[in-house]
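First comes the structure, then the notes that go with it.
What follows is calculated from the coordinates using simple rules that are stated; it is not laboratory data. Keep in mind that what you see is a predicted model, and the values were worked out from it rather than measured. Heads up, the Cβs are rebuilt from the backbone with ideal geometry, glycines too, and the neighbour counts pull from every protein chain shown.
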Amino acid sequence: MSDPFYRAFEDEFRGSRDTIKQRLKVYAMFLRALRETYPAGPVLDLGCGRGEWLELTQEHGFKPLGIDLDAGMLQACRDIGLNTLQGDALEYLAQSPDESQVVISAFHLVEHLTFDQLRSLVIESLRVLKPGGLLIMETPNPENIQVATNTFYFDPTHERPVPPGLLSFLTAFCGFSRNKILRLQESPEVKRRKTASLYDVLTAVSPDYAVVAQKHGPADILERADRAFSKDVGLTLNELCKRHDQANATMGSGAATFGELEAKVEHTLAQAEHALEMAAHAQDRAMRMEQAFQSLHASRSWQLTRPLRWANLQFSLLRAHGPRERLTALARKLSGRRVEIPTIDASPASEVDVFAQVQPGSVPLSPHARTIYRQLIDKINASRD
């Protein structure tokens, strides 16, 4: 069969030779585990296509053979000198001798088969593989929602998606010693992120996966592959859903924190409004008290009692400061300037001599003040007699 459509389809949607070869290097760890036991061992690739896997296994020292129905695909292999045959891959496998192959591979083949054909492929591979040999089956991953609902159907020759759990169970059921699911070709950027968007959940799960199954064999052969089988590869739907849920939970927590902050702001605003209200009440009360004081000060009773208040004040000042201090204050008031009353000596009797030291002409007094001054002098002299 030679149909240019499928060759063009592969070139458009599967990727370049270099891209595919780079992706296939994930299986190198399994090839290294077998190379010591089966150096230059035979490898059979079912549905070999353009031959990227044949080229890689040849670089690892194996002797690969590719089988494919499409002559256009096989021509790409022959152009670079790869060993291929045109024919039905399942028929060739069924005719192969027991324990004649180290690795049997089927890259993007199982989704083209019915389940009966798929089951026959797994059973025949177990028979044809050498002890400890590997069966590798890679296919689109229906765990990726975009793949399962859209891109899988780009290829009109696809039968149906094969879930990873089904393919893994089939190899165990048919008698393989162990198997490993490898999820492949996810975005490195999405894989590094600790959070996931809804778009990531729908589109970023590993778009391809493979089941690598190992036939039972000697312990030393199995031990060499232990490390490869223990390594987790890829990005699962569960993992992305978990990251998405955690991101939402963090946002919810942030919303709760924002709500708490908003409540605190509202409480602070309420306190500020209360303080402003109290200040307004205090200002109103002060204004009322000032008005009441002004009314009292302007009242007739306040004017009539002014002499009594003055006399009471003077009596209080005289009792607090003594006659000398009050006379000094009086002299200042009468003269309109500062007057110091000298102290003649420390004896009580001499305190009254201060008035004799102050001559009427030495201080500019008004006539009324002079009259008061002279009356005070006369009283002082009379008290001496």
Over 18 Å, how big is the tail of the calculated P(r) for region 12-152, in percent of all Cα pairs? 56 percent
Cross-link table LYS194/LYS215; LYS130/LYS180; LYS130/LYS191, entries beyond 30 Å C-alpha to C-alpha: LYS194/LYS215; LYS130/LYS191
For ARG178, other-chain or 5+-apart residues with amide H closer than 5 Å (H placed, Pro excluded) are GLN214
For region 122-212, what does the relative contact order come out to in percent, with C-alpha contacts under 8 Å and a separation of six or more? 43 percent
Spelling it out for ASP208: with amide H atoms placed in the peptide plane at 1.01 Å from N, the residues 5 or more places away or on another chain with amide H under 5 Å from its amide H are ASN141, LEU184
Got a sec to turn the phi values of region 88-104 into Karplus ³J(HN,Hα) couplings, 6.51 cos²θ - 1.76 cosθ + 1.60 with θ = phi - 60°, whole Hz, x for Gly and Pro? 7, 5, 5, 5, 5, 4, 5, 8, 6, x, 4, 6, 10, 10, 7, 9, 10
In units of 2.2 N^0.38 Å, the Cα radius of gyration of region 138-206 is 1.28
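Sort 188-195, 100-107 for me by packing, meaning the mean count of neighbouring Cβ atoms within 10 Å per residue, highest on top.
Highest to lowest by the protection proxy: 100-107, 188-195.
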Give me the Kirkwood hydrodynamic radius of region 40-105 in Å, from all C-alpha pairs, to one decimal place? 11.6 Å
What ³J(HN,Hα) values, in whole Hz, does the Karplus curve 6.51 cos²θ - 1.76 cosθ + 1.60 give for region 64-80 when θ = phi - 60°, with x put for Gly and Pro? x, 9, x, 10, 7, 7, 7, 5, x, 5, 5, 4, 4, 5, 5, 4, 10
